[in-house]
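All remarks here apply to the structure that follows.
The values are calculated or read from the model by the stated rules, or taken from the named source; none is laboratory data. The shown structure was predicted, so the numbers you read here are calculated from the model rather than taken from an experiment. Cβ placement follows ideal geometry from the backbone for every residue including glycine, while neighbour counts extend to all protein chains displayed. With ligands, DNA and RNA removed, areas are computed over all heavy atoms of the protein, side chains included. Shrake-Rupley method; radii C 1.70, N 1.55, O 1.52, S 1.80 Å.
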Amino acid sequence: MKTREDSYTEQVQILSLRALNGNNRLFGGQLMSWIDVVAAVVARRHSGKYVTTAVVDTLSFKEPAYANDIVVLQAYITYTGRTSMEICVKCFVENLDGTRKLINKAYVVMVALDENDRPTPVVPLVPITDEEKEEWARAEKRNQLRKQRRNEDF
């Protein structure tokens with residue numbers, strides 16, 4: 001069993017021109033790419049396996065980021081199923097004084113893979129704090145909603 005802290009990951013970017021869209025704001029696709037990478041790092045650290053993205057869920061753009069902003073992605077595991085892991089990724093703009101403003105939040109579901117690229121069981125997550133237990137309960141609800149949507153969509 002592992003805890004949230006065992007796989008917690010931060011990624012930091014300084015926005016350059018190549019990461020901006022035509023309105024000189026952070027390109028959403030670039031941010032989604034960074035989210036996918038940092039979520040995969042968390043899932044690999046937790047499972048000790050290669051992983052693949054199964055679902056990007058609840059991707060909310062709250063505020064823009066601009067050229068030369070520092071963008072900090074904080075990622076941590078919230079839930080484990082048999083072969084899947086839900087990762088929360090929060091994205092912030094960090095000011096020069098160190099204060100941070102939340103600009104984006106996403107939940108990403110990763111699936112652990114064996115040597116034949118087939119889903120394989122993962123180590124269970126042990127929520128420790130009250131906050132982690134509450135996040136686990138919300139993640140269980142999100143997981144049930146995803147299963148319902150998956151059955152309706154296909």
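Only one of these is in contact (Cβ under 8 Å) with a residue 12 or more places away in the chain, crowded, with 16+ Cβ neighbours inside 10 Å and in contact with a Ser or Thr (Cβ under 6 Å, 6 or more places away or on another chain): V108, V122, V93, V89. Name it.
V122
Could you grab me the full set of residues in segment 68-82 that are open to solvent by 20 Å² or more (accessible area, probe 1.4 Å) and touching a strand residue (DSSP E or B) at 6+ places or on another chain (Cβ under 6 Å)? I'd like the intermediate steps shown before the answer.
Quick first cut of segment 68-82, residues open to solvent by 20 Å² or more (accessible area, probe 1.4 Å) only: 68-70, 74, 79, 81-82.
Once the filter is applied, which keeps residues that are open to solvent by 20 Å² or more (accessible area, probe 1.4 Å) and touching a strand residue (DSSP E or B) at 6+ places or on another chain (Cβ under 6 Å), segment 68-82 yields D69, I70, Q74, Y79.
Of the numbered conditions (1) under 12 Å from M110 (Cβ atoms); (2) in a strand (DSSP E or B), D36 fails exactly one; give the number of that condition.
(2)
Restricting segment 125-146 to residues that are in contact (Cβ under 8 Å) with a residue 12 or more places away in the chain and among the β-branched types (V, I, T), which is surrounded by the fewest Cβ atoms within 10 Å (Cβ to Cβ)?
Filtering first and then ranking leaves I128.
Please go through segment 53-69 and give me each residue that is of a type in the set (A, V, I, L, M, F, W, C) and in a strand (DSSP E or B), ordered by number.
A54, V55, V56, L59, F61
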